[in-house]
1. Can you tell me how many residues in the stretch 96-130 are surrounded by 15 or more Cβ atoms within 10 Å (Cβ to Cβ), in a strand (DSSP E or B) and over 39 Å from the mean Cα position of the chain (by Cα)?
2. Quickly run through the stretch 131-140 and pick out the residues that are within 32 Å of the chain's Cα centre (by Cα) and either part of a helix (DSSP H, G or I) or without any contact (Cβ under 8 Å) to a residue 60 or more places away in the chain (or both).
3. For residue 77, indicate whether it is touching a helix residue (DSSP H, G or I) at 6+ places or on another chain (Cβ under 8 Å) and either assigned to a helix (DSSP H, G or I) or at pLDDT 85 or above (or both).
């Protein structure tokens, strides 16, 4: 006697009769989705979205590139300003102790090699002290923009 109410057949979950299959047999479920389909964009029902992320990246990439270039330019400008300030301070210290002899040479010696063309001037100020001024055109990596800005740092030293 069968334990199944259908008369000895195993009941199915989807209303179709259960068919025992041997090894290597597969149930026919429609078009086969092979590994090639899965590797090259094969999520069923999303064929209209293919290439969307690539287009979004292509639209955003120039903006990201400009932000990166501007960040590099700003970094170089701040580094150059700091180096010019440091060189002007070094020259002003020498001017305060040696009365302008060697002030410009000390300022030039304090500059890094990539700022060798900086203009260094020194002299007396209105208060009986000394000043050292270091100027350099703004270092722009992409010079096609046409910005002609000059970084100038001036340090005054009182006569002690």
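1. Result for the stretch 96-130: 2.
2. Within the stretch 131-140, 134, 135, 136, 137 meet the criteria.
3. no
The values are calculated or read from the model by the stated rules, or taken from the named source; none is laboratory data. Values in this document were obtained by computation on a predicted structure and should not be read as measured data. Note: ideal-geometry Cβ built from the backbone for every residue, glycine included; neighbour counts use all protein chains shown.
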